[in-house]
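What follows is a short report on a single structure.
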Amino acid sequence: NGGIHVTDVTNASRTFLMNIETLNWDPLLLHTFSVSSDILPEIRSSSEVYGKVKCTSPIDSIPISGILGNQQSALIGQNCFKEGQAKNTYRSGCFLLYNTGINRVQSTHGLVTTVAYKFGNSPPIYALEGSVAVAGAAMNWLRDNMGLIQDVQTDTESLAQEVFNTGDVYFVPAFKGLYAPYWRKDARGIICGLTAFTTKKHIIRAALEAVCFQTRDILEAMNKDCGIPLTKLHVDGRMTTNNLLMQLQADISGIPVFRAQSQDMTALGVAMAAGSAKSIEVWDLNAHDREVVPSDTFLPTTTDDERNARYTKWKMAVQRSLGWATTKKSPDMTDERYRLLSSIPASLYLISSFGLLVLSKVLVQA
């Protein structure tokens, strides 16, 4: 009906079919997956006028001028436009994006290189991304499976605050393996360091700390990849209403945590992109005096020695969580080969698999 079929670079990058360097559908990947380019949308920037709404409602003829992926939109909403700025979204899992500017940093520490955004004709901005599989989902597990709490929003904070620490208890919520930066599908959840004095309050607090430790894992990997440690972390998501969690994050990571008071940074980010589009221009993203979303600040209260000692024990707990799940192996898959493959990062495994698949097709055709 005269409509348009378009998407932006951030959403297209999530399909594994777009070349993040050329920002076009990759012919080799399309051939590998047997996907016709005719059924795919045109790839455009994240901020431009794509067309106008056509309907009989009051929004008829209103221009559509912003398209962004969920996490990239939150990055913009948090005003992370400078290289070296990062945001973390706390939901059932965690999603941390680190702005690397126009540079595509190829991670060697288990992170993913992705497109952060592209505004109009400006060069694309890239990011490193790390994902935590289980964050808020661990709190739901404490409620639904263990019956330790009644209400996730209130009980996790109030009960955990009744103890000064975890009593040296560590909780690794690897219910379905560990994501970045470990990429170990054979990991399983463990609670270690239990004593006769351990209570449910210690376990609840350990669950909150697990979210913070997993975030620090990704921050450490980003620091190693980029060589520039973060000076602050912008946060959003439903879990950030927990003040204790935010303070623990600052204490464990050793950097200030800035919590936006707006409940939905994703909606704000795409609104900013749409408002800044050429010919719309009701929002100047480059203005030095632009209004910044009010935020709450949580400063670290621990010393380097204290936080590093606790982080060392967290790493010990992670090691104990590995190797629990066993995957059925084919007769040709020896234990040595299995251990080798399971240690390969997921991104490297996918890339090498694509290469072998393409090579096999070329040899067959030859």
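The values are calculated or read from the model by the stated rules, or taken from the named source; none is laboratory data. Not measured: the values here are computed from a predicted model. We place every Cβ from the backbone using ideal geometry, glycine too, and count neighbours over all the protein chains shown. The protein model used for the area step is the full one, side chains on, heavy atoms only, and it has no ligands, DNA or RNA in it. Shrake-Rupley method; radii C 1.70, N 1.55, O 1.52, S 1.80 Å.
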Env charge @ residue 305, Cβ radius under 14 Å, K,R +1 / D,E -1, value 0
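Highest mean first, what order results for 199-207, 119-127 on Cβ atoms within 10 Å?
Details: 199-207: 22.1, 119-127: 17.6.
Highest mean packing first, the order is 199-207, 119-127.
Note down the net charge around residue 218, summing +1 for each Lys or Arg and -1 for each Asp or Glu among other residues with Cβ under 13 Å from its Cβ. Before the final figure, lay out each step's value.
Values: positive: 87, 216, 224; negative: 129, 217, 220, 225.
Here the count lands on -1.
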At 1.4 Å probe size, with no ligands or nucleic acids counted, give the accessible surface of residue 146 in Å², nearest ten.
100 Å²
Spatial extent of region 57-175: Rg and Dmax, with the Cα atoms as the point set, Å
19.4, 61
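Only helices at least 20 Å long along their axis, Cα-based, and averaging 0.5 or more on Kyte-Doolittle count here, so list those DSSP H runs from the chain. Can you show the working numbers first?
Working: long enough: 200-226 (39 Å, -0.13); 304-321 (26 Å, -1.82); 346-365 (29 Å, 1.61).
Taking the DSSP H segments of the chain (at least 20 Å long, mean hydropathy at least 0.5), we get 346-365.
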Between 95, 213, 164, find the one with the highest GNM mean-square fluctuation for the chain; connect C-alpha pairs within less than 10 Å.
164
Value of [θ]222 nm, deg cm²/dmol, for the chain, DSSP H segments ≥ 4, -39500 (n - 2.57) each, nearest 500
-11000 deg cm²/dmol
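Compute the whole-percent fraction of alpha carbon pairs in region 232-283 spaced more than 17 Å apart. Write down the numbers at each step before the final one.
Values: 635 of 1326 pairs.
Looking at region 232-283, the distances longer than 17 Å represent 48 percent of pairs.
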Surface accessible to a 1.4 Å probe, residue 81 within the full protein complex, Å²
50 Å²
Given a 1.4 Å probe and the protein chains all in place, what does the accessible area of residue 91 round to, in Å² to the nearest 10?
80 Å²
Computed from every Cα-Cα pair in the chain, P(r) in 20 Å bins starting at 0 and rounded to whole percents is 26, 52, 21, 1
